[in-house]
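Participant: This structure is in structure tokens; I'll ask about it shortly.
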Amino acid sequence: LNRRLAEFGTTIFAEMSALAVRTGAINLGQGFPDTDGPEEVREAAVRALRAGHGNQYPPGPGVPELRTAIAAHQQRRYALTYDPDTEVLVTAGATEAIAAALLALLEPGDEVVALEPYYDSYAACIAMASATRVPVTLHPEPSTGTYRLDLGELRAAITPRTRLLLLNTPHNPTGTVLTREELAAIAELACERDLLVVTDEVYEHLVFEGEHLPLAGFPGMRERTVTISSAGKTFSFTGWKVGWITASPELVTAVRSAKQYLTYVASGPFQYAVAEALSLPDSYFDALRADLRTKRDLLSGGLAEAGFEVYRPAGTYFVTTDIRPLDSSGDGFAFCRSLPERCGVVAVPNAVFYDHREQGAPFVRFAFCKRTEVLEEAVSRLKGL
Ligand code: PMP
Ligand code: GLN
């Protein structure tokens, strides 16, 4: 493994899912639903496969049906207008969108400012682009059970070498949803310092408090923002690996240049199915959110009763906890490695999402995109700790 990647090793999600399989524990580590998405969407994939739609290489930018559906979704939800032919690109999940955007837009030595804790692929992709990550740490506030972005710290992190802001809202792993005021301030800063922004909005539909506002909708941002989303989260098909970006024609062309040499294209028949999924009525999205809100409350309440300090997420399907009331060592890594043996549950240590590991050490993330009875069983096991 080369020097750029040497620090990354195996992702925590693979390690923790393997631990869950080995021990037979309930896996609240890696974020994936234990129930597949809508039957009609699965049927649409089967229909596409049988009809021979997408069984051979689909067009590089994505099949027109899906690009049109993505543009219509941005219009319908956010009143943002994108041209399906020049301003939409389909990718192999959000993961490839992140990689292709960073590889296309960064020069070696450029600085990328990202919120810490950050989704693990950000750090690896910044490294693959030979760029430098500059983390801005979100601050846990035990009194409110939320995380706070300090806009002064964000401003101070920007230097003449900063090329790009890498944002994520709703935020994995803290569940923070950036507010209108925060996004407006970020937009102003990006314009003032002439920065590009890559914004990972894969949890756009999983918001329980407040509302998701796409950064691209703020003044001056339409032309400098690459917005990323994914069918994995919104439709509960993480294995299909259908993601996308929306951006200006110049940015889409750049990202496509990188994308064509990463995978060229992916997910032929699934692209047709996701096009149908994006056209589902609002009631689908409302029901998904309502279901996950109930599960958030179930797991957050259970974790609090089990003795954890709980950071109640406004969005995503993750809840971050502080283990110190239960474990004075405050070592989330050791806690997660021993948890399956101690009570048959798997979680993820947030420290892996930090450069300043000591800041993340006592925090542990649990996923609640699981069936109610699974969450109830996990809570009852955790109460035995
Ligand atoms: N970004 C974030 C913040 C995520 O949590 C995930 C899913 N784990 C991804 C990107 C990757 O999405 P996909 O599965 O579509 O590649
Ligand atoms: N996004 C999921 C999570 O945060 C996992 C994705 C992955 O395994 N790479 O848990």
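Participant: Exactly one condition in (1) surrounded by fewer than 23 Cβ atoms within 10 Å (Cβ to Cβ); (2) within 19 Å of Ala18 (Cβ to Cβ) is false for Ala378; which is it?
Facilitator: Status for Ala378: all satisfied but (1).
Participant: Restricting to segment 134-157, give me the number of residues that are within 21 Å of the chain's Cα centre (by Cα), assigned to a strand (DSSP E or B) and within 21 Å of Thr321 (Cβ to Cβ).
Facilitator: 6
Participant: Right, another one. Residues Pro160, Pro108: which one is assigned to a loop (DSSP other than H, G, I, E, B), without any contact (Cβ under 8 Å) to a residue 12 or more places away in the chain, closer than 28 Å to Glu192 by Cβ and not hydrophobic (A, V, I, L, M, F, W, C)? Before you say what the answer is, go through the steps one by one.
Facilitator: Numbers: Pro108 fails: without any contact (Cβ under 8 Å) to a residue 12 or more places away in the chain.
Of the residues listed, the single one that is assigned to a loop (DSSP other than H, G, I, E, B), without any contact (Cβ under 8 Å) to a residue 12 or more places away in the chain, closer than 28 Å to Glu192 by Cβ and not hydrophobic (A, V, I, L, M, F, W, C) is Pro160.
Participant: Considering each of Ile158, Ile186 in turn, give the residue that is among the β-branched types (Val, Ile, Thr) and surrounded by fewer than 20 Cβ atoms within 10 Å (Cβ to Cβ). Spell out the reasoning first.
Facilitator: Details: Ile186 fails: surrounded by fewer than 20 Cβ atoms within 10 Å (Cβ to Cβ).
The conditions single out Ile158.
Participant: If you don't mind, another one. Filter segment 354-385 down to the residues that are touching a helix residue (DSSP H, G or I) at 6+ places or on another chain (Cβ under 7 Å) and closer than 19 Å to Pro135 by Cα and list them by number.
Facilitator: Answer for segment 354-385, where residues must be touching a helix residue (DSSP H, G or I) at 6+ places or on another chain (Cβ under 7 Å) and closer than 19 Å to Pro135 by Cα: Tyr354, Arg357, Gly360, Ala361, Pro362, Phe363.
Participant: Name every residue in segment 32-66 that is among the β-branched types (Val, Ile, Thr) and more than 16 Å from ligand 1 (Cβ to nearest atom), in order of residue number. Give the steps one after another, and end with the answer.
Facilitator: Here is the first cut: in segment 32-66, the residues among the β-branched types (Val, Ile, Thr) are 35, 41, 46, 63.
Scanning segment 32-66 gives Thr35, Val46, Val63.
Participant: Could you tell me whether segment 295-318 includes any residue that is more than 30 Å from Ala334 (Cβ to Cβ) and surrounded by fewer than 24 Cβ atoms within 10 Å (Cβ to Cβ)? Spell out how you get there, then give the answer.
Facilitator: Step one: filter segment 295-318 for residues more than 30 Å from Ala334 (Cβ to Cβ), giving none.
No, that holds for no residue.
Participant: Also, quick follow-up: Does segment 70-84 contain at least one residue that is small (Gly, Ala, Ser), under 17 Å from the mean Cα position of the chain (by Cα) and surrounded by 19 or more Cβ atoms within 10 Å (Cβ to Cβ)?
Facilitator: Taking segment 70-84 and keeping what is small (Gly, Ala, Ser), we get 71-72, 79.
Remaining after also requiring under 17 Å from the mean Cα position of the chain (by Cα): none.
No, because not a single residue in segment 70-84 is small (Gly, Ala, Ser), under 17 Å from the mean Cα position of the chain (by Cα) and surrounded by 19 or more Cβ atoms within 10 Å (Cβ to Cβ).
Participant: Quick one: which residue in Ala314, Ala287 is aliphatic (A, V, I, L, M), within 16 Å of ligand 1 (Cβ to nearest atom) and not assigned by TED's automatic domain parsing to the domain that holds Tyr119? Let's see the steps before the verdict.
Facilitator: Values: Ala287 fails: within 16 Å of ligand 1 (Cβ to nearest atom).
Only one candidate qualifies: Ala314.
Participant: Being away from ligand 1 (no atom under 15 Å from the Cβ) and in contact with a helix residue (DSSP H, G or I) (Cβ under 9 Å, 6 or more places away or on another chain) is the filter here, so list the residues in segment 11-31 that pass it.
Facilitator: Restricting attention to segment 11-31, the residues satisfying the condition of being away from ligand 1 (no atom under 15 Å from the Cβ) are 18-26.
Leu19, Ala20, Arg22, Thr23, Gly24, Ala25, Ile26, listed by residue number.
Participant: Would you confirm whether or not segment 273-291 contains a residue that is within 20 Å of the chain's Cα centre (by Cα), within 16 Å of ligand 2 (Cβ to nearest atom), buried (at least 18 other Cβ atoms within 10 Å of the Cβ) and not acidic (Asp, Glu)?
Facilitator: no
Participant: Whether any residue in segment 207-216 is outside the structural domain of Thr320 (by TED's automatic domain parsing), among the aliphatic types (A, V, I, L, M) and out of contact with any strand residue (DSSP E or B) (no Cβ under 7 Å at 6 or more places or on another chain) is what I want to check. Before you say what the answer is, go through the steps one by one.
Facilitator: Here is the first cut: in segment 207-216, the ones outside the structural domain of Thr320 (by TED's automatic domain parsing) are 207-216.
Filter again for among the aliphatic types (A, V, I, L, M), leaving 207, 213, 215-216.
Checking which are out of contact with any strand residue (DSSP E or B) (no Cβ under 7 Å at 6 or more places or on another chain) leaves us with 213.
Yes, because at least one residue in segment 207-216 is outside the structural domain of Thr320 (by TED's automatic domain parsing), among the aliphatic types (A, V, I, L, M) and out of contact with any strand residue (DSSP E or B) (no Cβ under 7 Å at 6 or more places or on another chain).
Participant: Collect the residues in segment 85-115 that are surrounded by fewer than 22 Cβ atoms within 10 Å (Cβ to Cβ) and under 21 Å from Thr10 (Cβ atoms), keeping them in residue-number order.
Facilitator: Result: Ala92, Thr95.
Participant: Scan segment 86-102 and give yes if some residue there is in a loop (DSSP other than H, G, I, E, B), within 16 Å of ligand 2 (Cβ to nearest atom), under 22 Å from the mean Cα position of the chain (by Cα) and in contact (Cβ under 8 Å) with a residue 60 or more places away in the chain, otherwise no. Can you show your working first?
Facilitator: Taking segment 86-102 and keeping what is in a loop (DSSP other than H, G, I, E, B), we get 86-87, 92.
With the extra rule that they be within 16 Å of ligand 2 (Cβ to nearest atom), the set shrinks to 92.
From what is left, the residues that are under 22 Å from the mean Cα position of the chain (by Cα) are 92.
Of the ones still in play, those that are also in contact (Cβ under 8 Å) with a residue 60 or more places away in the chain are 92.
Looking for residues that are in a loop (DSSP other than H, G, I, E, B), within 16 Å of ligand 2 (Cβ to nearest atom), under 22 Å from the mean Cα position of the chain (by Cα) and in contact (Cβ under 8 Å) with a residue 60 or more places away in the chain, one finds at least one in segment 86-102, hence yes.
Participant: Does Gly31 count as more than 23 Å from Lys259 (Cα to Cα), crowded, with 16+ Cβ neighbours inside 10 Å and either outside the structural domain of Thr234 (by TED's automatic domain parsing) or at pLDDT below 95 (or both)? Full working, then the answer.
Facilitator: On the way: more than 23 Å from Lys259 (Cα to Cα): yes; crowded, with 16+ Cβ neighbours inside 10 Å: yes; either outside the structural domain of Thr234 (by TED's automatic domain parsing) or at pLDDT below 95 (or both): yes.
Yes.
Participant: Within segment 222-229, does at least one residue satisfy the condition of being at pLDDT 95 or above and within 16 Å of ligand 2 (Cβ to nearest atom)? Steps first, answer last, please.
Facilitator: Within segment 222-229, the subset at pLDDT 95 or above is 222-229.
Now narrow it down to the ones that are within 16 Å of ligand 2 (Cβ to nearest atom): 228-229.
Checked against the condition, which is being at pLDDT 95 or above and within 16 Å of ligand 2 (Cβ to nearest atom), segment 222-229 yields at least one hit.
The values are calculated or read from the model by the stated rules, or taken from the named source; none is laboratory data. This structure is a prediction, so every number in the text was calculated from the model and none was measured. Virtual Cβ from ideal backbone geometry, glycine too; neighbours counted across all protein chains shown.
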